[in-house]
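Structure first, commentary second.
The values are calculated or read from the model by the stated rules, or taken from the named source; none is laboratory data. Because the structure is a prediction, the values reported are computed rather than measured. Note: ideal-geometry Cβ built from the backbone for every residue, glycine included; neighbour counts use all protein chains shown. Only protein heavy atoms, including side chains, enter the accessible area calculation; ligands, DNA and RNA are left aside. Shrake-Rupley method; radii C 1.70, N 1.55, O 1.52, S 1.80 Å.
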Amino acid sequence: MDRSTYDTYLDILGRELVCALGCTEPIAVAYVAALARDALGAMPEHLEISCSGNIIKNVKSVTVPNSGDQRGIEAAATLGAVGGDATRALEVLEGVGEEDRRRTRELVSAGFCSVSLAEGVPNLYVRAVATAQGHTGVACVAGRHTNVVELARDGATVGVDGVAPSEQDTCETDGEPEEPGLSSLSLEGIWEFAHEVDVEDIREMVERQVELNGAISDEGLSGDWGARIGKTLLLTRPDDISCRARAAAAAGSDARMSGCAMPVVINCGSGNQGITCSLPVVEYARYLRVPHDEMLRAVALSDLTAIHAKRFIGELSAFCGAVTAATGAGAAVCYLRGGSFGQYQATIANTLANVGGIVCDGAKPSCAAKIAAAVDAAILGCDMALANVDFRPGEGLIGETAEETIRSMGYVGRVGMHPTDVEILNIMIGKTVCS
């Protein structure tokens, strides 16, 4: 692998594997509200939030972290404005206290925050307008959770504690420009990178992913969070490695979707996906007793495979991101089990052929069950590949190569499922009544 591509892959991992406190969509809302407050320069008297349907879908049913079990966009935005620290980005709510939570409840009840659906915007879009004493502060993110495309006071662009709006995009765009370097990703390149990478170049970020995501998984297994999918799985088959791999990932989601205030390392803008990419791989590495550094290589391979599989879909859509994350995990398990490059590719195609149709109906406790199902499919895909039993080109969306399959699934997720996304949102917000 040439040095330029090698460095690009490292940059992608560094950009994707960042910490977040709680579900990233309510956190993005809180972050934008805190930025708008800082741009205003005072506590707002009123806050207006406009956001894309996918943000509404992913915030509606999930507990806002560190909120004392409050839910919804109004709660996330108000808590961000009251006590959020915008300099912490996706950990914006880490320092809020009981007085902030109490004040948030009061303000939400008093109608402090209003919410509207923004149309003709990227799938990931949040804009906050904070007003007080005749002045206005505005902040907007689009395309990615921390991609600030507007930051202004009384119409004049401002910078806030080192945060400045992007020079490349505007909040009015309806496109989602690809992040730098993603076009260089390929399955062949990822496989080569995993084998050749100097582990010291990835050690800090991957070990942090394993440590933090493992900690929230342990919390999910020890406590009574969400639907307790992880605990339920372990009650049935605690000695089955495939069951333990599913349980580890599901338990992290159990805790995270129900408001556990522990940080996770995300992937593709999602904590659930960061958990799914890493923890099944860690479980298999322990089971197979591979060296620690080999486990780090495998997790990096999982992360990059998931990023590559997801890049053709976009960060938010009707396509459940647990599928692409689990695809990465299954591919990494294949690597740990001594699979060839061809079997690595087959694992990816086998997994996508199986569970490519799982829809995203928002962030909520059942995400843990979808993660468990997706990881189960990925392990089956790996088992098939290692037995040289694969789905064939032309069967459904399976292409001549795994790369073709990824692109086909991406097109379905981004374009084909867009009407599905709209109808899911309509049902969730009560515009459509099913009978």
Applying a 10 Å radius around every beta-carbon, put 224-236, 271-283, 326-338 in order of their mean neighbour count, most first.
271-283, 326-338, 224-236
Taking R0 as 30 Å, what's the FRET efficiency between Arg237 and Ser340 from their Cβ-Cβ distance, rounded to 0.05?
0.55
Roughly how tilted is helix 24-40, in degrees to the nearest 10 and between 0 and 90, from the longest Cα axis of the chain?
30
Please give the peptides 289-300, 20-31 ranked by average Cβ packing (other Cβ atoms within 10 Å per residue), highest first, as a rough proxy for protection.
20-31, 289-300
Segment 295-348 and segment 91-133: distance between their alpha carbon centers, rounded to Å:
35
Could you give each residue of segment 393-402 its phi-based ³J(HN,Hα) in whole Hz, using Karplus coefficients 6.51, -1.76, 1.60 with θ = phi - 60°, and x for Gly or Pro?
x, x, 7, x, 9, 5, x, 5, 10, 5
Which of the GluC sites (Glu not before Pro) found in segment 337-435 are in a DSSP loop and have at most 13 neighbouring Cβ atoms, other than their own, within 10 Å?
Glu395, Glu400
Return the distance in nm (one decimal) between the two label points of a simple spin-label model at Ser222 and Arg15, each offset 7 Å from Cα along Cα→Cβ.
3.7
Along Cα→Cβ, 7 Å out, is where each label goes; now give me the distance between the ones at Glu94 and Gln133 in nm to one decimal.
3.1
Find the accessible area per residue for segment 239-359; the probe is 1.4 Å, ligands and nucleic acids are left out, and the unit is Å².
22
Can you sort Arg244, Arg144, Arg102 by 1.4 Å-probe accessible area, starting with the largest?
Arg102, Arg244, Arg144
In debye to the nearest 20, the charge dipole size for the chain, taken about the Cα centre with +1 at each Lys and Arg Cβ and -1 at each Asp and Glu Cβ, equals 1280
Roll a 1.4 angstrom probe over the protein heavy atoms and tell me the percent of accessible area of the chain that is carbon or sulfur.
48
Can you give me the angle between helix 3-16 and the longest principal axis of the chain, using Cα atoms only, in degrees from 0 to 90, rounded to the nearest 10?
50
On C-alpha positions alone, give me the angle between the axis of helix 98-109 and the longest principal axis of the chain, in degrees, nearest 10.
70
Segment 34-118: which GluC sites (Glu not before Pro) are DSSP loop and have at most 15 other beta-carbon atoms within 10 angstrom?
Glu45
According to a simple spin-label model (label point 7 Å from Cα along Cα-to-Cβ), what is the distance in nm between Val199 and Ser116?
5.5
Between Asp390, Asp38, Asp201, where does the largest GNM mean-square fluctuation fall for the chain, given springs only between Cα atoms within less than 10 Å?
Asp201
Tell me, what is the per residue accessible area of segment 11-65 in Å², probe radius 1.4 Å?
20
How big is D, in µm² s⁻¹, for the chain by Stokes-Einstein at 20 °C and 1.002 mPa s if Rh is the Kirkwood radius over C-alpha pairs?
99
